[in-house]
Number of protein chains: 2
Amino acid sequence: MQISKGVEWAAHAAALMCGLPPGTGLRAEALARYHGVPKAYMAKQMQALSKAGIVHTARGKNGGYRLARSADAITLWDVMRAIEGDRPAFTCTEIRQNGPCGATPDQCRQKCAIAAAFHAAEAAFRDHLQSVSLVDIAAGVLADSPPDHLRDVGRWLEAEAVALG
Amino acid sequence: MQISKGVEWAAHAAALMCGLPPGTGLRAEALARYHGVPKAYMAKQMQALSKAGIVHTARGKNGGYRLARSADAITLWDVMRAIEGDRPAFTCTEIRQNGPCGATPDQCRQKCAIAAAFHAAEAAFRDHLQSVSLVDIAAGVLADSPPDHLRDVGRWLEAEAVALG
């Protein structure tokens, strides 16, 4: 069970956008450069966040990305679902209906106990990520970073932020 | 984030073994036939369960698999870990250390807030699966199945079980 790198990148990029001055955004190129990752792949994650309504996209010469809603209303689950989709991690292929003692579809109205357990575990995973917003992440970064690092980030954001049309 | 089909197959096979008469086992071929899946792939899952100490393997003409310990001491997490390994689903590549404002390794003694949140969510997932044993699964199947289906399964197990040397 693996979570794609894109989730890590998108979560970091979205958390960084918490620090943007109002009315401004960051180009995909700047987001990629800030995180030291390839631009094309970062742009792909931003398009997925945009499609999910997590970031707002302004196109054109002064294009860029900013959060589409308040950072405390965006959770890590929102980011993960935007990148990975919301298909369950455990796929039940109903193998209990196979073979010499296969159950009939009529006997399978209840979800298979194995699938039910995995889906409940996934719900616990999801519930935790839903309890963590971008504000929580940004607060964690603020608490853990020395003042000169935060000053550097602030200056970088000020230099790179583009006014979104 | 996807869980491999092998986890579903291994969990069903391990749950079926709860019904084996003492001192007996099932061949990989029988396990595959019961579940209507390819033998080679079922055998691969059984080898992984064997390596993890979940099933006992008897080799040779009268070879087969049985649970290596009490079914209430085998959880769905044990099965999943045996098949998928225990590498975290979320891999932190420390991208906070990249780019123009990259944090120094010294500033990164605390786990990244994003990685910490994902790992806590994975712990919630794991905790749930650790709370579900093969006995719980077998009890669920017993409760949901009509008597004639359970009789069929019992007869099949009796016919296919091999005495393990």
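The values are calculated or read from the model by the stated rules, or taken from the named source; none is laboratory data. Computed from a predicted structure; not experimentally measured. Note that we place each Cβ from the backbone using ideal geometry, even for glycine, and neighbour counts take in every protein chain shown.
Tabulated data for the structure shown
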{"quantity": "Region B:49-87, subset within 14 Å of another protein chain (Cβ to nearest Cβ) and exposed (fewer than 15 other Cβ atoms within 10 Å of the Cβ), residue farthest from residue B:119 (Cα to Cα)", "calculated": "B:85"}
{"quantity": "Residue B:140 vs. criteria touching a strand residue (DSSP E or B) at 6+ places or on another chain (Cβ under 8 Å), at pLDDT below 95, within 30 Å of residue B:162 (Cβ to Cβ) and not aliphatic (A, V, I, L, M)", "calculated": "no"}
{"quantity": "Tally, over region B:48-69, of residues that are modelled with pLDDT under 95 and among the polar types (S, T, N, Q)", "calculated": "2"}
{"quantity": "Flag if residue A:160 is acidic (Asp, Glu) and in contact (Cβ under 8 Å) with a residue 60 or more places away in the chain", "calculated": "yes"}
{"quantity": "Selection count where residues are of a type in the set (Val, Ile, Thr) and more than 9 Å from chain A (Cβ to nearest Cβ), scope region B:140-162", "calculated": "1"}
{"quantity": "Meets criteria (more than 7 Å from chain A (Cβ to nearest Cβ) and hydrophobic (A, V, I, L, M, F, W, C)) for residue B:129", "calculated": "no"}
{"quantity": "Residue within region B:31-48 that is within 21 Å of residue B:142 (Cβ to Cβ), crowded, with 19+ Cβ neighbours inside 10 Å and more than 9 Å from every other protein chain (Cβ to nearest Cβ) present", "calculated": "yes"}
{"quantity": "Some residue of region B:119-126 being more than 8 Å from chain A (Cβ to nearest Cβ), among the basic types (Lys, Arg) and either more than 30 Å from residue A:115 (Cβ to Cβ) or crowded, with 16+ Cβ neighbours inside 10 Å (or both)", "calculated": "no"}
